[in-house]
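Quick notes on the structure that follows.
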Ligand SMILES: *Cc1c(COP(=O)(O)O)cnc(C)c1O
């Protein structure tokens, strides 16, 4: 009999969001009259339509494909030059970071990139991830065989967990023990925390000392409003020799359905081959794209590039401003109830302490049953998420204002 990848059998995740769906379904079955009242602030999917600049560019791109003289077939596997240039200029060089056009690799999104990057890394790397964590980092490494079995009480054997708690302002600290690869997500999903320059510099220093690789997920970089906070890891001296950065148009441009993102792999970043030779990851990633992908569609690339026009920039700014204002409304409502609310300032997520000593699933249930508001229990992101819920600001203003009213059920004497 052919063999399957046994690593998949270790996965316990796929648990969080299906479990949320199951509870919401059970509630609406039992309370059909309340089903239409349910407001979902659980999953991090956007709600607002695409920026006009992107829509116009996509229309024009489709028209071009409809004519003989402007038709295009396969795109370059790593993206058209003008798109890579717009990105390298707009997100990096304009902020004083050194990133060459051909260090930008366009893709159909950050989640696929974060998963595919493991293809160019060898077996046996020790992986460090935050707790709580965006589940993709953990699960892709389980699938790749970089972990042991699931642990009772959450997590996997073999990973180095970086606790993110109120005590460290939810900022992961470099561990005392060795790791080969560390995932950092800033602004963070789920906690909404942002790593400042000093914290990122400590990570870069740690990576050099350990000959480790930093995988920096900056999917929410465009939500940063505080000018003192770094948006890219390449704002930190020495990062080009130890870090890969992932970016996505999903949140900044409402592209969760359009699908586009990119990865930056600096040319001086090298890893060790089995015989000890140093090999540039840029070469391997280039080879991986040329072999495994035929790139991103022409209309989508045009839409992505349009986000960097003056018009596009104004529109993405308005979009992220809108969600940030939502986050502020939610955070204020929580604080008014005496809850401790984190994130929100430079992030579309509000990370909220549970009231009255309740656990995160208990708080989730209370909000579902008594307010018909769906959140994400912090414990679903890792052990250190217990005692918190995540509320997503990706919603209409009317829904956000309604949620802000309804979470009054979390007040000290409400239910
Ligand atoms: C939403 C999100 C992404 C984006 O993924 P896409 O595949 O580009 O939609 C990446 N990382 C994190 C942490 C996210 O929350």
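Descriptive notes on the structure:
- FRET efficiency for residue 411 and residue 225, using Cβ-Cβ distance with R0 set to 25 Å, rounded to 0.05: 0.25
- Residues of segment 159-176 with an amide N closer than 18 Å to a point placed 7 Å from the Cα of residue 151 along the Cα-to-Cβ direction: 159-166, 172-176.
- Within segment 32-56: backbone nitrogen closer than 20 Å to the residue 401 label point (7 Å, Cα to C-beta): 37-41, 47-49
- Modelled FRET efficiency - R0 51 Å, residue 241 with residue 356, Cβ distances, 0.05 increments: 0.55
- Highest average packing first - 225-231, 125-131, Cβ atoms within 10 Å: 125-131, 225-231
- Gyration tensor verdict on segment 156-216 (Cα atoms; rounded if a/c is under 1.5, prolate if a/b is larger than b/c, oblate otherwise): oblate
- Prolate/oblate/rounded label for segment 53-309 (Cα gyration tensor, a/c 1.5): prolate
- What the Cβ-Cβ distance of residue 36 and residue 317 gives, at R0 = 45 Å and to the nearest 0.05, is a FRET efficiency of 0.85.
- Mean separation of Cα contacts under 8 Å (6+ apart) over length of the chain, as relative contact order %: 23 percent
- Arranged from fewest to most other beta-carbon atoms within 10 Å of their beta carbon, 22, 397 become 22, 397.
- Taking label positions 7 Å along the Cα-Cβ direction at both residue 43 and residue 291, the computed distance is 3.3 nm, reported to one decimal.
- Between residue 365 and residue 60, the modelled labels are 5.6 nm apart [label points 7 Å from Cα along Cα→Cβ].
- For segment 213-231, the residues whose amide N sits under 16 Å from a probe point set 7 Å from the Cα of residue 328 along the beta carbon direction are 223-227.
Every number here is computed from the coordinates shown, using simple stated rules; none is lab data. On a predicted model such as this, the values are computed, not experimentally measured, just so you know. Cβ coordinates were reconstructed from backbone atoms using ideal geometry, including for glycine residues, and neighbour counts include every protein chain displayed.
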